[in-house]
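**Q** To start, I am sharing the structure in question, which I have written as structure tokens.
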Amino acid sequence: MVMFRHLNVLLSTSLCPRSRCSSGFVSRMRYMNKLKEDDDACAAALQDARVFLFHRLSPLLQRTEHGRLSPPALMSSDVLKMLERLGSSGSLLKESVLISCSEQNQAQFCLDVGELDQEAVEEVCKGNVIDLKKGFFLLASSEAPLVAKAQALLRWHESSGFCSASGRPTHRNRAGSQRVCSSNGVVYYPKMSPVVIVLVSDGNRCLLGRQSSFPRGMYSALAGFCDTGESLEDAVSREVAEEVGLEVHGVSYSSSQHWPFPDSSFMLGCHAFVSPAHAQLDVDHRELEDARWFTYEEVGSALQVKTPPRRSDVLWLPPKHAVANWLITEWTERQRGPRSR
């Protein structure tokens, strides 16, 4: 009996607090699911929702006092007034797509107002429409995933107006979480393309590459789309071999995230090891502009750079909300361990 009483104490002190902490999350997820499945409930939620605006897939952003960019979360009633003020039908608000909800279960939607004049929208909303590729690096870590998800959903709706089987129009549900063919009833859901992103190490250095489209000075972990039929490990090994001519082993999974570029990708973050005796790079310049080995000291200094450097010879890394940054941070922390002993 003593043993079982001790077990009950452990359960009450370890499981109950976690259950209480997750109850808010469970409530939000069930509320979101209800809005996706019940058109009437979703329509009602839109009446008192926050709405993030886009103009032809570029988000409307405002600059904060700290130099960051932030998407203004407008009340749906204010968006309706803005639409009417700019001569648009208020019915456009119904095209809003559900993306999330707050801790208070207030629904959050996104809406593309590309049919309106961009300058007029910016003036009324006191913000600027900024290409996501340019603005993404200046968004706060908590807001970047929301903006990325919103753009991905809006892009999917823009490109999924017709059924691939029948050629007939598809129609969305009120939440925008699915589209249905008008002739055969086939249901379509938003898609993401799986991409492996890997930080390769030879034990003392890590390998980073850059594409010509990257901002100046930026290097990142190697990445590439998964081929049909590949495992995660197969895709990592193939991409590293193709891009830099190395054979890796010891592939391990780290973390994942949705990434809005080029369209909507599912990034699978990994670490991999290459023998120092076989670390000579053979870069395929059709894939990468450059690739280099970087030391712990070089990467550690680059992690401290908060804003884009003015000089192209200064190493700049992806933002904190990118899985590449997480992989690099993990590697530096592992390197710091042996060095501190």
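For every residue, the table says whether it meets (1) over 17 Å from A150 (Cβ atoms); (2) in contact (Cβ under 8 Å) with a residue 24 or more places away in the chain; (3) basic (K, R).
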site	(1), (2), (3)
R56	no, yes, yes
S89	yes, no, no
L98	no, yes, no
E119	yes, no, no
V129	no, yes, no
L138	no, yes, no
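**Q** Moving on to the next point. Of all residues in segment 79-96, which are crowded, with 21+ Cβ neighbours inside 10 Å and in a loop (DSSP other than H, G, I, E, B)?
**A** Across segment 79-96, the qualifying residue is only S96.
Rundown of residues vs (1) of a type in the set (F, W, Y); (2) over 16 Å from the mean Cα position of the chain (by Cα); (3) more than 30 Å from R311 (Cβ to Cβ), yes/no style:
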position: G167; (1), (2), (3): no, yes, yes
position: H171; (1), (2), (3): no, yes, yes
position: S193; (1), (2), (3): no, no, yes
position: V196; (1), (2), (3): no, no, yes
position: L199; (1), (2), (3): no, yes, no
position: L207; (1), (2), (3): no, yes, no
position: P215; (1), (2), (3): no, yes, no
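**Q** Looking only at segment 206-244, filter to residues that are among the polar types (S, T, N, Q) and part of a loop (DSSP other than H, G, I, E, B); which one of those is modelled with the lowest pLDDT?
**A** Taking the candidates together, the pick is S213.
**Q** So D40 clears everything in (1) modelled with pLDDT of 95 or more; (2) touching a strand residue (DSSP E or B) at 6+ places or on another chain (Cβ under 6 Å) except one condition, right? Which one?
**A** With respect to (1) modelled with pLDDT of 95 or more; (2) touching a strand residue (DSSP E or B) at 6+ places or on another chain (Cβ under 6 Å), D40 is out only on (2).
**Q** Which of the numbered conditions does L303 fail, given that it passes all the others? Conditions: (1) of a type outside the set (S, T, Y); (2) touching a residue at least 60 places away in the same chain (Cβ under 8 Å); (3) over 30 Å from E158 (Cα atoms).
**A** (2)
**Q** Same structure, new question: Those residues that are assigned to a helix (DSSP H, G or I), at pLDDT below 95 and either among the small types (G, A, S) or outside the structural domain of C270 (by TED's automatic domain parsing) (or both), I need them from segment 301-337; list them, please.
**A** Within segment 301-337, S301, A302, G337 qualify.
**Q** How many of the residues making up segment 43-64 are within 24 Å of the chain's Cα centre (by Cα) and either outside the structural domain of S91 (by TED's automatic domain parsing) or part of a loop (DSSP other than H, G, I, E, B) (or both)?
**A** Final tally of qualifying residues: 4.
**Q** Please find, among R216, R238, R210, the residue that is outside the structural domain of F109 (by TED's automatic domain parsing) and exposed (fewer than 14 other Cβ atoms within 10 Å of the Cβ).
**A** Criteria check complete, one pass: R216.
**Q** If only one of E115, E123, E158 is under 24 Å from S88 (Cβ atoms) and in contact (Cβ under 8 Å) with a residue 60 or more places away in the chain, which one is it?
**A** On inspection, the qualifying residue turns out to be E158.
**Q** What number of residues within segment 147-177 satisfy the criterion of being surrounded by fewer than 18 Cβ atoms within 10 Å (Cβ to Cβ) and in contact with a Phe, Trp or Tyr (Cβ under 9 Å, 6 or more places away or on another chain)?
**A** Residues flagged as surrounded by fewer than 18 Cβ atoms within 10 Å (Cβ to Cβ) and in contact with a Phe, Trp or Tyr (Cβ under 9 Å, 6 or more places away or on another chain) within segment 147-177 amount to 4.
**Q** Only one residue in H271, H278, H285 is loosely packed, with under 14 Cβ neighbours inside 10 Å and within 17 Å of S220 (Cβ to Cβ), so which one is that?
**A** H285
**Q** Any residue in segment 178-207 that's surrounded by fewer than 20 Cβ atoms within 10 Å (Cβ to Cβ): show its pairings with residues that are in a loop (DSSP other than H, G, I, E, B) and basic (K, R) at Cβ separation under 7 Å, as long as the two are six or more apart or on different chains.
**A** That search, which allows pairs on different chains as well, returns C181/R168; S182/R168; S183/R168.
The values are calculated or read from the model by the stated rules, or taken from the named source; none is laboratory data. Quick caveat: nothing in here was measured; it's all calculated off a predicted structure. Positions of Cβ are backbone-derived with ideal geometry, glycine not excepted, and every protein chain shown enters the neighbour counts.
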